[in-house]
1. So, by mean Cβ neighbours within 10 angstrom, what's the order for 56-67, 25-36 with the highest one leading?
2. Please work out, to two decimal places, the log10 of the ratio I(q)/I(0) at q = 0.14, 0.18, 0.22 Å⁻¹ from a Debye calculation in which every Cα of region 130-249 carries one identical scatterer.
3. Using θ = phi - 60° and the Karplus relation 6.51 cos²θ - 1.76 cosθ + 1.60, list the HN-Hα couplings for region 61-67 in order, rounded to whole Hz, with x at every Gly or Pro.
4. With every protein chain kept in place and ligands, DNA and RNA left out, what is the accessible area per residue of region 11-87? Probe 1.4 Å, answer in Å².
5. Evaluate the distance, in nm, between pseudo-label points positioned 7 Å from the Cα of VAL230 and of SER126 along their respective Cα→Cβ axes.
6. Can you list the residues, at least 5 places off or on another chain, whose amide H is less than 5 Å from the amide H of VAL14, using H built in the peptide plane?
7. Under 5 Å between amide H atoms, partner at least 5 residues away or on a different chain: which partners does LEU119 have, H built in plane at 1.01 Å?
8. Read phi for every residue in region 40-48 and hand back ³J(HN,Hα) as whole Hz from Karplus 6.51 cos²θ - 1.76 cosθ + 1.60, θ = phi - 60°, with x for Gly and Pro.
Amino acid sequence: MTLRALIFDVDGTVADTEEVHRQAFNAAFLEMELWWNWSAGEYIELLKVSGGPERITHYIARLKIGQSEKERLTGLVPAIHRVKTRIYYELISGGRAPVRRGVVRLMREARAAGLEVALAATSSTSNIEALVSASLEHEALGGFSVITSADQVAAKKPAPDLYLRVASQLRVSPEDCVVIEDSANGVLAAKAAGMVAIATPSRWTATQDFSAADLTLYSLGDAGEPLDPVTARSLGAPELGIAQVVALHARAMQAA
Ligand code: XBP
Ligand code: MG
């Protein structure tokens, strides 16, 4: 089983988008005349639920209000999320989300090594495309073998559906894939799909449990911002390069 594909989660992995998502949620609540406003601290907790509609529903379920009011508000979730998605699309199209260090370099190294490079996200395809166009200026959409989002599968992370769909679209076996993920749900989804998972927690997910990951790094490292000496020594390089990804995959396959 040789490594054939490198799959990047999008939100929090390719770029630090969650602050933009949080602002879009709050702007949507305002527009819908709802009294909610998610603080950064609250959002870290809410991010343990994957998916915008699921997150709002989870939030409503915990409000100290009557059951009938909860049902009325839950009925509004699709409308709230449509407004949120419109606002997010506008914000992200303005290039508001910084790309994480080393992501573009590792994508290019993977392509140069003949690997498929794919994107997989819980958010919608249009949101991913807006982010790629606005923030990954040199990485054309065409540079990705597959771009898949949760609106194409039945169950969101931590279910394996999204990653299994990427593997089938790439016509590769899940075992031939390595996933880069910033969330615990994402790592669990990749592992449930039978893939090797590298976790790169973000400032929003740093408190989550990444014990299921095959490797956890706080960053991929990059020229000008190498990994700290201890991490670099354990990795055998100042940044996570495609050679380290191939070696990790080979070790995981031998151990399987
Ligand atoms: C990200 C999510 C998404 C975003 C919000 O997960 O869970 O729900 O936070 O986007 P991942 P939507 O990085 O695992 O893809 O509101 O479009 O769902
Ligand atoms: Mg993510």
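1. Details: 56-67: 13.2, 25-36: 15.7.
Ranked from most to least packed, the peptides come out as 25-36, 56-67.
2. Reported log10 I(q)/I(0), two decimals: -0.68, -1.11, -1.40.
3. 4, 9, 6, 8, 9, x, 4
4. Working: 3580 Å² over 77 residues.
On a per-residue basis, 46 Å².
5. Going by the 7 Å Cα→Cβ label model, 4.6 nm.
6. So VAL14 has HN proximity to no qualifying residue.
7. Amide H neighbours of LEU119, under 5 Å, 5+ apart: PHE8, VAL146, ILE147, THR148.
8. 4, x, 5, 5, 4, 5, 5, 5, 6
The values are calculated or read from the model by the stated rules, or taken from the named source; none is laboratory data. Predicted, not measured: the structure shown is a model, and the values here were computed from it. Cβ coordinates were reconstructed from backbone atoms using ideal geometry, including for glycine residues, and neighbour counts include every protein chain displayed. Protein only, heavy atoms only, side chains kept; ligands, DNA and RNA dropped before computing areas. Shrake-Rupley method; radii C 1.70, N 1.55, O 1.52, S 1.80 Å.
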